[in-house]
Amino acid sequence: MGEVKGFLKFKREVSGYQKTEDRLKHWDEFAIPLEDEKLRNQGARCMDCGVPFCQSGCPVSNIIPDWNDFVYRNNWEAAYKRLSSTNNFPEFTGRVCPAPCENSCTLAFNEDAVTIKQIELSIIENAFKNDFVKSVKPKKRSGKTVAVVGSGPAGLACADELNKKGHSVTVFEKNELPGGLLTFGIPNFKLDKWVVKRRISLMEESGIVFKTNTNIGVDITLTKLKEDSDIVVLCGGAEKSRELDIPGRNLEGIHLAMEFLPQQNRINMGQKISDPINATGKNVVVIGGGDTGSDCIGTSNRQGAKSIVNLELMPKPPVKRAGDNPWPQWARIERTSTSHEEGCKREYSVLTKSFEGVNNKVKKLNLIKVEWSKDRSSGRMQMREIPNSEFSIEADLVFLALGFVSPNTKNFTSDINLTLDQRGNIKTDENYMTTVDGIFSAGDMRRGQSLVVWAIDEGRKAAKSIHQYVSEND
């Protein structure tokens with residue numbers, strides 16, 4: 001490393017943000033990047049630690065110490081080349097990844113971690129600014145055709161890798177624009193859509209074809225797609241939302257998070273929505289304390305909600321790692337997002353028992369406090385309702401952000417006899433091949449709900465297996 005003792009010399013710094021009152025007036029990204037000199041100092045904090053645990057903590061195995069050092073040495077092009085060798089879309093992960101690499105950073109054992117995510121985003125944006133990122137068409141085509149179903153991060157990564165190998169790739173997307181959750185699920189203030197469009201344009205220039213408004217299993221059968229292609233890769237998302245089957249669920253004003261978030265993204269694109277879900281002047285309750293719940297909070301704040309309460313079933317995490325959660329594991333600590341900071345009340349260890357309404361519209365949630373303990377025999381956490389702890393809160397609008405249980409596979413399995421696993425995901429072997437020869441699967445459709453960075457990793461690995469399969473069977 002260029003400055004071995006840089007971690008002693010420089011403190012961790014991250015990007016700043018626009019003031020809350022200013023950023024709530026728009027839907028754009030609001031992070032204020034660090035200056036290049038400060039980024040070089042952050043790169044200098046990367047230690048000569050011998051075993052870079054950050055790489056093992058990163059799902060795509062980014063070679064993090066190398067590009068940290070390149071940034072410190074002001075060699076931005078070399079940093080980009082090293083970063084892009086393992087990650088197809090660092091402009092996405094640099095914005096929305098929760099940075100497991102930083103949890104695994106050796107410096108994080110007893111100090112603040114290296115600012116890995118910030119450096120990653122700065123490298124790719126510098127690369128675009130300086131025209132290092134170019135579309136590259138393969139010198140020779142293999143003559144093989146690949147149909148990728150789904151244009152989320154897994155499908156995009158798989159398509160990108162297979163195109164580089166010379167295969168002719170067509171990506172099918174059921175929505176009107178490519179990008180999957182990158183386009184329709186994640187709010188603009190976290191991932192502006194021009195960022196996604198920029199990457200899609202590069203992929204199109206490299207020869208990848210995108211067919212939107214095409215729902216495989218509805219508009220085209222999977223059988224037909226298989227007949228027309230040498231390889232099919234199923235890369236749809238885990239779109240079935242976890243429900244809350246309690247009294248009053250059918251009242252007006254109770255919505256799944258993924259009914260709400262894509263709608264606002266489409267409005268931001270200029271589309272007209274009939275009868276939109278709107279939080280303006282309303283008492284909003286968001287059930288679920290993860291990223292999706294946080295996105296609902298940020299969106300509701302920008303719409304002008306009167307109040308927002310965020311309910312979480314699990315207990316409040318500690319501020320620092322507990323004794324049974326040592327480094328370099330993912331730190332199970334309380335995380336406060338920028339959306340939380342913009343305004344909401346957070347309640348932990350709360351179970352929603354029922355909804356009540358007036359004129360068929362939700363007006364109240366009936367809740368009870370719970371406590372958690374670890375079962376000695378199984379080691380699993382068990383929940384118990386606390387007697388006499390019932391209470392109620394007012395609500396005009398409720399969003400269910402409880403996670404996702406499985407992909408939508410009905411249109412596929414009714415056409416071709418694909419085998420599913422116990423969780424309802426498409427079953428594959430270790431090479432990402434399904435139980436039908438020539439049909440592969442990757443991403444949330446194969447492994448279940450996960451992170452964008454895991455989806456990219458899935459797409460890359462599936463592409464590697466597909467290329468090997470095609471080469472061996474040519």
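Here, each number is a calculation from the coordinates, and none is a lab measurement. Everything numeric in this text was worked out from a predicted model, so none of it was measured. In this analysis, Cβ positions are derived from the backbone assuming ideal geometry, glycine residues included, and neighbour counts consider all displayed protein chains.
Using only alpha carbon pairs under 8 Å that are at least six residues apart, calculate the relative contact order of region 85-183 and give it in whole percent.
22 percent
Sorted from largest down, what three extents in whole angstroms do the Cα atoms of region 282-358 have along their principal axes?
Result for region 282-358: principal-axis Cα extents of 48, 29, 16 Å.
Might you report the magnitude of the Cβ-based charge dipole of region 342-466 about its Cα centre, with Lys and Arg at +1 and Asp and Glu at -1, to the nearest 20 debye?
With Lys and Arg at +1 and Asp and Glu at -1, about 240 debye.
Using the Cα centre of the chain as the reference point, and only Cβ charges (+1 on K/R, -1 on D/E), how large is the resulting charge dipole? Debye, rounded to the nearest 20.
With only Lys, Arg, Asp and Glu charged at Cβ, the dipole is about 260 debye.
Short version: ³J(HN,Hα) in whole Hz for each residue of region 130-144, in order, from phi by Karplus 6.51 cos²θ - 1.76 cosθ + 1.60 (θ = phi - 60°), x for Gly and Pro, what are they?
Once rounded to whole Hz, the list reads 9, 6, 6, 8, 9, 7, 10, 7, x, 5, 9, 8, 7, x, 9.
In what sequence do His340, His26 fall when counting other Cβ within 10 Å, fewest first?
Sorted ascending by nearby Cβ count, the order is His26, His340.
Please turn the phi angles of region 107-120 into ³J(HN,Hα) values with the Karplus equation 6.51 cos²θ - 1.76 cosθ + 1.60 (θ = phi - 60°), one per residue in order, whole Hz, x for glycine and proline.
Residue by residue, region 107-120 yields 5, 6, 4, 8, 9, 6, 5, 4, 7, 5, 4, 4, 5, 4 Hz.
Mind listing the Cα extents of the chain along all three principal axes, in Å, largest one first?
69, 62, 53
Towards the positive end of the charge dipole of the chain, with charges on Cβ (+1 Lys, Arg; -1 Asp, Glu), say which of Leu222, Ile246, Val398 has the farthest Cα.
Val398
Under 8 Å for C-alpha pairs, at least 6 residues apart: give me the relative contact order for region 243-400, rounded to a whole percent.
The normalised contact order for region 243-400 reaches 29 percent.
In the chain, if the dipole is taken from +1 on Lys/Arg beta carbons and -1 on Asp/Glu beta carbons about the Cα centre, which of Trp194, Asn41, Val285 is farthest to the positive end?
About the Cα centre, the residue reaching furthest to the positive side is Asn41.
Convex hull volume of the Cα atoms in region 220-307, per residue, in Å³?
So the per-residue hull volume is 168 Å³.
How much of the DSSP beta bridge set in region 243-400 is antiparallel, as a percent to the nearest 5?
Of those bridges, close to 55 percent are antiparallel.
Sequence-distant or interchain residues sharing an amide H contact under 5 Å with Asn310, placed H: which?
Excluding prolines and chain starts, which carry no amide H, the hits are Val286, Lys345, Arg346, Glu347.
Considering amide H positions built from the backbone, and no H for Pro or chain starts, which residues 5 or more places from Gly357, or on another chain, come under 5 Å of its amide H?
Amide H neighbours of Gly357: Lys363.
With a cap of 15 neighbouring Cβ atoms within 10 Å, and only residues DSSP puts in a loop, list the trypsin sites (Lys or Arg not before Pro) found in region 120-209.
The qualifying sites are Lys134, Lys139, Lys140, Arg141.
Can you tell me the alpha carbon radius of gyration of region 399-474 divided by the globular rule-of-thumb value 2.2 N^0.38 Å?
Computed over Cα atoms of region 399-474, the ratio equals 1.18.
About its Cα centre, what dipole magnitude does region 247-403 give when the only charges are +1 on Lys and Arg Cβ and -1 on Asp and Glu Cβ, stated in debye to the nearest 20?
Dipole magnitude for region 247-403 comes out near 220 debye.
Once fully extended, how much extra length lies between Asp275 and Glu341, figured as 0.36 nm per residue of separation less the alpha-carbon to alpha-carbon distance?
20.8 nm
Of the trypsin sites (Lys or Arg not before Pro) in region 13-44, which ones lie in a loop per DSSP and count no more than 12 other C-beta atoms within 10 Å?
The qualifying sites are Lys19, Lys25.
Pop out the Kirkwood hydrodynamic radius of region 6-129 from its pairwise C-alpha distances, inverse of mean 1/r, in Å to one decimal.
The answer is 14.7 Å.
In whole Hz and in residue order, list the ³J(HN,Hα) couplings for region 202-219 that follow from phi through the Karplus curve 6.51 cos²θ - 1.76 cosθ + 1.60, θ = phi - 60°; x for Gly and Pro.
The phi angles translate into 4, 5, 5, 4, 7, x, 6, 9, 10, 10, 8, 6, 10, 9, 5, x, 10, 7 Hz.
For a quick check: sort Ile466, Ile32 by the number of other beta carbons within 10 angstrom, fewest at the front.
Ranked by crowding around the Cβ, least crowded first: Ile32, Ile466.
For Val398, enumerate residues with amide H under 5 Å from its amide H, sequence gap 5+ or separate chain, H modeled in the peptide plane.
Hits under the 5 Å cutoff: Ile254, His255, Val285.
Report, in whole Å, the centroid distance computed from the Cα atoms of region 97-133 and region 260-318.
28 Å
For region 22-71, which GluC sites (Glu not before Pro) pass both filters: DSSP loop (anything but H, G, I, E, B) and at most 12 other C-beta atoms within 10 Å?
In loop regions of region 22-71 (DSSP not H, G, I, E or B), the sparsely surrounded GluC sites (Glu not before Pro) are Glu35.
Have a look at the DSSP beta bridges in the chain and tell me what percent are antiparallel, nearest 5.
45 percent
Region 401-433 to region 142-193: how many Å between their Cα centroids?
Each part reduced to its Cα centre gives a spacing of 19 Å.
Going by a ≥ b ≥ c, the root eigenvalues of the Cα gyration tensor, does region 243-400 fall in the rounded group (a/c under 1.5), the prolate group (a/b larger than b/c) or the oblate group?
Judged from the Cα gyration tensor, region 243-400 comes out oblate (a/c at least 1.5, b/c at or above a/b).
Of Pro318, Leu83, Val169, which is farthest along the charge dipole of the chain in the positive direction, counting Lys and Arg as +1 and Asp and Glu as -1 at C-beta?
The one lying farthest along the dipole's positive direction is Pro318.
Counting pairs of alpha carbon atoms under 8 Å apart in space and at least six apart in sequence, what relative contact order in percent does the chain give?
Reported as a whole number, the value is 16 percent.
In nm, to one decimal, how far is the modelled label at Lys320 from the one at Val14, with both set 7 Å along Cα→Cβ?
1.8 nm
Taking the Cβ-Cβ separation of Tyr348 and Glu394 as r and a Förster radius of 25 Å, what is the calculated FRET efficiency to the nearest 0.05?
Calculated value: 0.80.
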